[in-house]
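Novice: Mind looking over this structure? Questions follow.
The values are calculated or read from the model by the stated rules, or taken from the named source; none is laboratory data. As the structure is a computational prediction, the values presented were derived from the model and not from experiment. Here the Cβ positions follow ideal geometry from the backbone for every residue, glycine too, while neighbour counts run over all protein chains shown.
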Amino acid sequence: MLGRLSYWVYRGACGLVRLFYRKPAFEGLENLPEGACVIVGNHAQMNGPIIAELYIPGDRAIWCAEEMMHLKEVPAYAYSDFWSGKPACTRWFFRLASYAIAPLSVCVFNNAHCIGVYRDMRVMSTFRESVAGLRRGMKIVIFPETDPPVNDILYTFQDRFIDLGRMYAHAAGQTLRFVPMYVAPALKKVFFGPPIAYDDTADPNEERARIAAALTRSITEIAVRQPRHRVVPYRNVSKNSYPMNKP
């Protein structure tokens, strides 16, 4: 009974979000392989995950911090990741909000197209579930940004997700492609760049560095090519602090 209620809360939340968050225009869809791939994008705060969950076409799963899927872990993670950069005079409100959203977070993220990402030895379950999905032709969507910023478009990419290329090659005997994605809420558009193929014959450490750099460069170049607009940064800062995509 609780499971069914949780599911309908999720469906209701999705329907409500769709009313106010319309589908963006997609450009570069020809760069998405028909089968398995990993889509790597800028987080754009909650814009990236919302678009991935509601509007990216095809069978997909989104990497999600496992803390957002467990009631006791939501408040500390949500406050730290979403709102710790807010002005000191308002932080009390966001601390309360982090507790208020916990039940809804658990309903949504446990029913959404999510794969929980762990920060300990359980992370192997994240990789196993992801590879199993890839072998079924699924697209895995990852928003790997973390501090510090690289430029006005992106923060630094965590790069361990790139090991999916090696694991998929060993499991399926096929080459995995990583597709760069730029989410531009100000333009109401999402852009996909040419895929970057994983080389299973190369040193894994070198492949992490190469592909992370190539993805960062590609997403930045896509952003800079667009008309001048405000970039929604990874960190939840004041809108007055949002950078422009170019001078």
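Novice: Which residue pairs have Cβ atoms under 9 Å apart, sit 6 or more places apart or on different chains, and have a first residue in segment 191-210 that is under 12 Å from VAL40 (Cα atoms) and a second that is part of a loop (DSSP other than H, G, I, E, B)?
Specialist: Taking only residues 6 or more apart or on different chains, the pairs are PHE191/GLY28; PHE191/GLN226; PHE192/GLY28; PHE192/LEU32; GLY193/GLY28; PRO194/GLY28; PRO195/LEU32; PRO195/PRO33.
Novice: Here's something else I'd like to know. Of the conditions (1) over 20 Å from the mean Cα position of the chain (by Cα); (2) farther than 23 Å from ILE196 by Cα; (3) of a type outside the set (A, V, I, L, M, F, W, C), GLU30 fails just one. Which one is it?
Specialist: Unmet for GLU30, out of (1) over 20 Å from the mean Cα position of the chain (by Cα); (2) farther than 23 Å from ILE196 by Cα; (3) of a type outside the set (A, V, I, L, M, F, W, C): (2).
Novice: Looking at segment 1-88, what helices (runs of 4 or more DSSP H) fall wholly within it and have at least 2 residues that are loosely packed, with under 13 Cβ neighbours inside 10 Å?
Specialist: In segment 1-88, the matching helices (runs of 4 or more DSSP H) lie at 2-20.
Novice: Which is modelled with pLDDT under 95 and under 13 Å from PHE109 (Cα atoms), of GLU67, GLU53?
Specialist: After applying the criteria, what remains is GLU67.
Novice: Could you check SER98 against (1) under 19 Å from the mean Cα position of the chain (by Cα); (2) farther than 20 Å from PHE161 by Cα and say which number it fails?
Specialist: (1)
Novice: What single numbered condition from (1) more than 24 Å from ASP81 (Cα to Cα); (2) surrounded by fewer than 14 Cβ atoms within 10 Å (Cβ to Cβ); (3) among the hydrophobic types (A, V, I, L, M, F, W, C) fails to hold for MET124?
Specialist: (1)
Novice: Additional query: Tell me yes or no: at least one residue of segment 150-171 is farther than 17 Å from VAL40 by Cα, free of Cβ contacts under 8 Å to residues at least 60 places away in the same chain and in contact with a Lys or Arg (Cβ under 8 Å, 6 or more places away or on another chain).
Specialist: So far as segment 150-171 goes, yes, one or more of its residues are farther than 17 Å from VAL40 by Cα, free of Cβ contacts under 8 Å to residues at least 60 places away in the same chain and in contact with a Lys or Arg (Cβ under 8 Å, 6 or more places away or on another chain).
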